[in-house]
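Encoded as structure tokens, the structure appears first; notes follow it.
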Amino acid sequence: MPKSLICNARIVNEGTIREADILIDNGRIEKIAASIEAQNGWDVLDARGKHVLPGMIDDQVHFREPGATHKGDIASESAAAVAGGITSFMDMPNVNPPTLDSERLEDKYRRAAKNARANYSFYLGASNDNIEEIRNVQPNQTCGVKIFMGASTGNMLVNDPNALNAIFADCPVPIVTHCEDTPTIQAAERYYRNIHGEDIPMAMHPHIRSADACYMSSALAVELANRHQARLHVLHLTTAREVTLFTNAPLEHKRITAEVCVHHLFFDDSYYATKGTLIKCNPAIKTEVDKQALLRAVVESRIDVIATDHAPHTREEKQRTYFNAPAGLPLVQHALPSLLQQYRLGRLTLQTIVQKISHTPARIFGVVDRGYIREGYWADLAIIDLRAPFTVSRNNILYKCGWSPFDGYTFPSSVFATFVNGQLAYRDGRVSPSVFGKRLQIENYEPRG
Ligand code: DOR
């Protein structure tokens with residue numbers, strides 16, 4: 001592989017923005033310097049006027065393989081991810097069969113080794129009765145153990161208090177949780193069904209999957225983690241109230257961290273009138289007040305990570321009535337552009353975005369040599385053009401499901417190119433068919449700087 005030189009880049013990294021050249025050799029960043037003279041045979045990319053970010057590490061995706069590959073698969077969704085500046089992904093266990101043991105985990109790694117366009121790790125799922133699998137899992141086998149503490153797509157609810165206690169007491173890797181209290185949700189479903197029948201208006205979704213249901217479950221997860229001194233990362237916060245459960249201590253002092261997803265920072269309940277079940281997701285998109293509180297929590301570092309919860313379903317499935325439309329949105333291709341819009345609106349700095357999508361996920365999951373633009377690290381890079389607007393349309397959506405909640409929307413900024421392990425994986429609308437990701441090396445799960 002020839003060396004690659006990215007020149008005149010404005011590099012956003014570790015709290016600063018500075019102009020420099022980046023030399024890549026053998027997949028890794030060899031040198032970062034004010035000016036590096038190109039030599040014969042090197043690939044040179046002039047990034048003048050653009051910014052270079054460490055590629056996004058998305059700690060929550062559902063790529064649907066195995067078992068629901070009519071919605072998406074590792075090849076299709078990772079290609080869309082790379083087009084969105086995502087260079088590593090961590091995939092969820094609610095596939096079919098669910099990823100509940102190390103054999104299923106290794107099956108996913110084998111599939112990814114052949115098909116993933118970005119770097120990958122896979123979560124082991126928790127159930128009410130797989131504690132032995134969890135006790136025996138090694139940090140180099142998985143980014144973490146996922147507990148559905150609320151029922152969602154794929155029937156993986158863990159609701160046995162003894163099982164939860166045992167998992168929080170003994171899990172040797174980070175625990176990540178989906179938090180919504182299922183009995184509270186079921187009671188609300190009964191209430192609204194009595195009023196509306198089967199065809200409940202979408203605007204009721206955040207009242208059924210309510211703020212109370214989220215708070216009860218998130219509070220329980222935090223309580224269990226405190227009781228057992230467990231390492232906990234609570235996924236997709238959606239409410240102002242849940243934010244109060246988390247501190248803004250420096251990351252190296254945190255054992256309990258939190259994530260928010262891009263759609264919960266972009267949409268609010270006013271969108272149900274126009275988007276309907278297309279934006280049905282669990283936990284539900286809540287109010288404008290919640291959205292503002294989540295943004296503030298990102299800025300204040302009560303929320304540590306921004307991810308996608310990319311969860312494709314077919315267009316046909318999403319057009320069903322309330323109870324029959326599955327929850328989840330495809331997002332990986334448009335997550336970074338949506339965050340760049342938050343930057344353009346003055347709500348997040350580029351440095352904060354990079355911290356939440358790259359640095360912090362690398363640190364809290366112990367990902368080796370990624371998440372920063374540093375000499376010696378893998379060259380996982382997203383080159384963005386803040387001044388190149390683009391419109392999401394059927395012609396440029398790469399998800400297998402072929403639709404996006406942003407369909408027809410014009411973002412003010414776009415992803416120009418993506419490097420994965422030093423190779424140009426995406427440029428100008430085209431994903432390279434010959435660039436593949438690597439298995440993420442996970443060293444330990446203490447925050448690392
Ligand atoms: O909306 C969601 N969709 N939330 C989840 O927890 C699961 C996901 C899916 O897999 O469809």
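The values are calculated or read from the model by the stated rules, or taken from the named source; none is laboratory data. None of these values were measured; they are calculated from a predicted model. Note: ideal-geometry Cβ built from the backbone for every residue, glycine included; neighbour counts use all protein chains shown. Areas reflect the complete protein model, heavy atoms only, side chains present, ligands, DNA and RNA absent. Shrake-Rupley method; radii C 1.70, N 1.55, O 1.52, S 1.80 Å.
Assorted remarks:
- Accessible surface computed residue by residue for the chain, with neighbouring protein chains in place and a 1.4 Å probe, gives 37 Å² per residue.
- Summing Cβ point charges (Lys, Arg +1; Asp, Glu -1) relative to the Cα centre of the chain gives a dipole of roughly 800 debye.
- Centre-to-centre separation between the Cα atoms of region 139-172 and those of region 288-329: 21 Å.
- Summarised in one figure, the compactness ratio Rg/Rh of the chain, Cα atoms and Kirkwood Rh, is 0.95.
- Calculated SAXS-style log₁₀ I(q)/I(0) at q = 0.09 Å⁻¹ - region 333-449, Debye, Cα scatterers: -0.28
- Using the Cβ-Cβ distance between ASN140 and ASN194 with R0 set to 45 Å, the FRET efficiency works out to roughly 0.30.
- Extension reserve of the GLU316-THR244 stretch, reckoned as 0.36 nm per residue once the Cα distance is removed: 22.1 nm
- Positive-pole candidate from GLN60, PRO97, VAL82, dipole of region 1-108, charges at beta carbon: VAL82
- Reachable lysines, given that their alpha-carbon falls under 27 Å from the alpha-carbon of LYS3 and they are not under 8 places away in the same chain: LYS31, LYS50, LYS114, LYS438
- A dipole drawn for the chain from +1 and -1 charges on Cβ atoms has a positive end, and of ILE353, TYR123, GLY41 the residue lying farthest that way is GLY41.
- About its Cα centre, region 330-446 has a charge dipole of approximately 220 debye under the convention of +1 per Lys or Arg Cβ and -1 per Asp or Glu Cβ, with nothing else charged.
- Accessible carbon and sulfur surface of the chain relative to its total accessible area, %, 1.4 Å: 45
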